[in-house]
Amino acid sequence: MFQAKPIPAPSEDKRWRIVNATMRRHGYQPSGLIETLHTMQETFGFLDVEGLRYVARSLRVPLSQVYGAATFYNLFKLKPAGEHTCIVCLGTACYIKGAPAILSSLQEALQIKPDQTTPDKKVSLIVARCVGACGLAPVVVLDEETHGKLSPEQVVQKVMAWRAPVTEER
Ligand code: FES
């Protein structure tokens, strides 16, 4: 019988381990597709092309079918339009450690809600359910970088720097 083997993840990002665990549970079989996409969305906040390719190869499902599933179901979100993405983890650990305050500060500063992109297309605001770094709670992922234990003010400062990259204050 064909023995499915894991293939290398798209990056070192630890969140792929969580996605991999779901695929492994399904024996890397195509029947695990929808649950894998769910896990990917919960850990990354959205589905991007690179990730969809990886899932397609891992589960040996045609890419067209993976795209089809990702776009057919309303519950899946494809990568947002912003040049940068700010993901706020609202999983239990982060929630308890103050993620709601971070999210509301960001909403106020950016004047957008989760799943929206600023009118200048610089920043998309996303929420995720657990990005696999609970020990650092509350966690935000700014583009690919995971940051933990930041105050709402610090997060807002970092995100606003994307919109107006001005000289650093000393
Ligand atoms: S709950 Fe936020 S990283 Fe796990």
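What follows is calculated from the coordinates using simple rules that are stated; it is not laboratory data. Remember, it's a predicted structure, so these values are computed and weren't measured experimentally. No Cβ is skipped: glycine too gets one built from the backbone with ideal geometry, and neighbour counts run over all protein chains shown.
Observations, loosely collected:
- Of all aspartates and glutamates in the structure, the ones whose alpha carbon falls short of 13 Å from that of residue 121, not counting any fewer than 8 places away in one chain, are 83.
- Under DSSP loop assignment and at most 11 Cβ neighbours within 10 Å, longest chymotrypsin sites (Phe, Trp or Tyr not before Pro)-free interval of the chain: 74-170
- Straightening the chain between residue 121 and residue 50 buys 23.5 nm, computed as 0.36 nm per residue apart minus the Cα-Cα spacing.
- DSSP beta bridges confined to the chain are antiparallel in about 55 percent of cases.
- Distance between modelled label sites at residue 65 and residue 160, nm, 7 Å Cα→Cβ extension: 4.9
- Of all DSSP-defined beta bridges confined to segment 84-163, some 60% are antiparallel rather than parallel.
- Put simply, the C-alpha atoms of the chain give a gyration tensor, and the ellipsoid matching it has half-axes of 31, 17, 14 Å, longest first.
- Here the spin labels are modelled as points 7 Å beyond Cα on the Cα-Cβ line, and at residue 11 and residue 25 they lie 2.4 nm apart.
- Value of D in µm² per second that Stokes-Einstein yields for segment 15-72, Kirkwood Rh from Cα pairs, at 4 °C (1.567 mPa s): 120
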